[in-house]
Amino acid sequence: MRFTGNTRADITLIKDALRNVQLLAQAKFACESIEAVEAEALPEDYKPPSGPYPEGEAKTQYESWIVTLCGRKDQFLIATWHTPPNPGVMFRVGFPFPSAPKQ
């Protein structure tokens, strides 16, 4: 599996998020083979057009991951945020990718 592009995620977060992508792909497309990922960190002010927003009011960073699954490309929204005082980073995987940013 090839992972390219610009991401804020560390290797642990990438592996955890890809496991969720794999579970979604298996359920939606009967495919669990991730061939490649092209990541793009979205602008700091990006906000998806609709909720729910499980991260609440936490400062959230978003990324677009175009994932090649069994020969097809699908775009996923990866959201990450911190939940002080707990250590670490929370994340969620959104699919399908929202069509337009919130104005």
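The values are calculated or read from the model by the stated rules, or taken from the named source; none is laboratory data. As the structure is a prediction and not an experimental result, all values here were calculated from the model. In this analysis, Cβ positions are derived from the backbone assuming ideal geometry, glycine residues included, and neighbour counts consider all displayed protein chains. Note: accessible area is taken over every heavy atom of the protein model, side chains too, but ligands, DNA and RNA are not part of it. Shrake-Rupley method; radii C 1.70, N 1.55, O 1.52, S 1.80 Å.
Structure values in brief
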quantity	calculated
Spread of Cα-to-Cα distances over 10 Å intervals beginning at zero, given as percent, for segment 1-49	22, 46, 30, 2
Additional length obtainable on full extension of the chain from Asp45 to Arg8, 0.36 nm per residue less Cα span	11.8 nm
Given charges at Cβ of Lys, Arg, Asp, Glu: the chain dipole, positive-most of Phe3, Val67, Pro84	Val67
Phe29 - accessible surface, heavy atoms, 1.4 Å probe, Å² rounded to 10	60 Å²
Reachable aspartates and glutamates from Lys47, criterion Cα separation under 15 angstrom, eight or more residues apart if same chain	Glu55, Glu57, Glu63
Shape call, the chain: gyration tensor on alpha carbons, a/c limit 1.5	prolate
Linear extension gain, Lys28 paired with Cys70, 0.36 nm per residue minus alpha-carbon span	13.9 nm
Using alpha-carbon coordinates, inclination of helix 11-29 to the longest axis of the chain, degrees	60 degrees
Apportionment of accessible area to carbon and sulfur, the chain, percent (1.4 Å)	53 percent
Test item: Cα-centred dipole of the chain, Lys/Arg +1 and Asp/Glu -1 on Cβ, debye	180 debye
